[in-house]
Amino acid sequence: MATITMEQIDEITIIPTSKVAKISSKDNEGAFIEGRTVSLTSFQMCRNLVTQELFEEVMGYNPGSSNWSSTSQENQRLFPVNNVSWYEAIVFCNKLSTIMGFRPCYKISDTTDTVTWGEIPTTDNVLWNSVVWDTDADGFRLPTEAEWEFTARGGDSDASTWKFPYAGSVSIDEVGWYKDNGNSNIHQVGLKKSTVSGVNDMSGNVYEWCWDWFARITPGEYINPIGPATGTNRVRRGGSWLNYARSCTVTYRNCDSPETVYGNIGFRLARSSV
């Protein structure tokens, strides 16, 4: 296995104003609807989606699409990994955490050892759905839906970019690959304009798995919300090369069952500031 460095993972620290952000949105969509106040502490978000290269180095295989003629000038090793389920994503997080010397975040049957968990399910699995997130761990994990949207909006609720429809712009073509410009393919990470915080591909390219079970967003006051304890589908955000621009906005919510594998779904890493 090749040596993996933190530079390759390329984290960016997202520091909400005064390290606690209290935000209310009037968009009536997304994680910050009117009447909902969310407090977030600082966290790390990776600049790029997990690439096929990094995924293969950690997992020993590459489920991602490759050799697509319309992207032949791009480095396909730096395509975002796709065709990856939510279950695969949490295994990847724990494996990478162990490799890098961090404490893994996820436990099934009270162990973080992914070998003990058994084979990654290809159908809905009650045991795997009982996975627990150790919020005190410093390892790699999936972002929460609120963290994902906060980052995609630019990380400053007082800035004009907070109200941009897409991650870093009013123009989807400037920041993302979607149905009208993606030539029906995924694309190498980081080729479009980033958000003001320096994070790439948060609108389009591939959908991104989040930690949360999908549920209706409700008004109220929340501190570091992580979604409900149980559910049927996990949140995915950001839209993809397969979708129209509407699905690539920073407020558009979607979901799938955790065993789902599609060519337009990948993921991005986060890490808590512990």
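The values are calculated or read from the model by the stated rules, or taken from the named source; none is laboratory data. Here the structure is a predicted model, which is why all the values come from computation and not from measurement. All Cβ positions, glycine included, derive from the backbone under ideal geometry; neighbour counts span all protein chains shown. Calculation scope for accessible area: heavy atoms of the full protein, side chains included, ligands and nucleic acids excluded. Shrake-Rupley method; radii C 1.70, N 1.55, O 1.52, S 1.80 Å.
Considering only the stretch 243-257, state which residues are open to solvent by less than 10 Å² (accessible area, probe 1.4 Å) and out of contact with any Asp or Glu (no Cβ under 7 Å at 6 or more places or on another chain). Result: C248, single match. Could you list, in sequence order, the residues of the stretch 127-146 that are open to solvent by less than 50 Å² (accessible area, probe 1.4 Å), over 13 Å from C93 (Cβ atoms) and not in a loop (DSSP other than H, G, I, E, B)? Residues satisfying the conditions are W128, N129, E145, A146.
So that you can scan it fast, the table gives a plain yes or no per residue for (1) part of a loop (DSSP other than H, G, I, E, B); (2) touching a strand residue (DSSP E or B) at 6+ places or on another chain (Cβ under 7 Å); (3) on the phi < 0 side of the Ramachandran plot:
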site: T230; (1), (2), (3): yes, yes, yes
site: S240; (1), (2), (3): yes, yes, yes
site: C255; (1), (2), (3): no, yes, yes
site: T260; (1), (2), (3): yes, no, yes
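Residues N185, N205: which one is assigned to a loop (DSSP other than H, G, I, E, B), open to solvent by less than 50 Å² (accessible area, probe 1.4 Å) and modelled with pLDDT of 95 or more?
Details: N185 fails: modelled with pLDDT of 95 or more.
N205 is the lone residue from the list that is assigned to a loop (DSSP other than H, G, I, E, B), open to solvent by less than 50 Å² (accessible area, probe 1.4 Å) and modelled with pLDDT of 95 or more.
Criterion applied to S169, S240 was being touching a residue at least 60 places away in the same chain (Cβ under 8 Å), open to solvent by less than 10 Å² (accessible area, probe 1.4 Å) and among the polar types (S, T, N, Q), and the one residue passing it is S240. Against the definition (modelled with pLDDT of 95 or more, on the phi < 0 side of the Ramachandran plot, of a type in the set (K, R) and surrounded by fewer than 21 Cβ atoms within 10 Å (Cβ to Cβ)), how does R234 come out, yes or no? Answer is no for this residue.
Can you pull out every residue in the stretch 111-149 that is out of contact with any strand residue (DSSP E or B) (no Cβ under 7 Å at 6 or more places or on another chain), farther than 29 Å from Y222 by Cα and among the hydrophobic types (A, V, I, L, M, F, W, C)? V115, I120 - these are the residues of the stretch 111-149 that are out of contact with any strand residue (DSSP E or B) (no Cβ under 7 Å at 6 or more places or on another chain), farther than 29 Å from Y222 by Cα and among the hydrophobic types (A, V, I, L, M, F, W, C).
Just need a number here: residues in the stretch 152-185 that are among the basic types (K, R) and farther than 16 Å from G204 by Cβ.
Keep residues of the stretch 152-185 that are among the basic types (K, R), which gives 153, 163, 179.
Subsequent filtering for residues that are farther than 16 Å from G204 by Cβ retains 163.
So the count comes out to 1.
Tell me which residues, restricted to the stretch 154-167, are within 20 Å of Q44 (Cα to Cα), at pLDDT below 95 and in contact with a helix residue (DSSP H, G or I) (Cβ under 8 Å, 6 or more places away or on another chain). The answer is G154, D156, S157.
Per-residue answers, yes or no, for (1) at pLDDT 90 or above; (2) open to solvent by 20 Å² or more (accessible area, probe 1.4 Å):
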{"site": "M45", "(1), (2)": "yes, no"}
{"site": "Q52", "(1), (2)": "yes, no"}
{"site": "S69", "(1), (2)": "no, yes"}
{"site": "L78", "(1), (2)": "yes, yes"}
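In the set (1) in a loop (DSSP other than H, G, I, E, B); (2) within 20 Å of S85 (Cβ to Cβ); (3) among the aliphatic types (A, V, I, L, M), the condition left unmet by V196 is number (2).
Take R216 and tell me if it is of a type in the set (D, E, K, R) and crowded, with 23+ Cβ neighbours inside 10 Å. Don't jump to the end; show me each part of the working.
Numbers: of a type in the set (D, E, K, R): yes; crowded, with 23+ Cβ neighbours inside 10 Å: no.
Against the criterion (of a type in the set (D, E, K, R) and crowded, with 23+ Cβ neighbours inside 10 Å), R216 does not qualify.
Can you find even one residue in the stretch 23-36 that is small (G, A, S) and at pLDDT 90 or above? Within the stretch 23-36, one or more residues are small (G, A, S) and at pLDDT 90 or above. The set of residues in the stretch 89-126 being free of Cβ contacts under 8 Å to residues at least 60 places away in the same chain, in a helix (DSSP H, G or I) and either open to solvent by 50 Å² or more (accessible area, probe 1.4 Å) or acidic (D, E) (or both) consists of K95, T98, V115, T116, V126.
Regarding F140, is this residue over 19 Å from the mean Cα position of the chain (by Cα) and within 30 Å of V196 (Cα to Cα)?
Numbers: over 19 Å from the mean Cα position of the chain (by Cα): no; within 30 Å of V196 (Cα to Cα): yes.
Criteria not met by F140.
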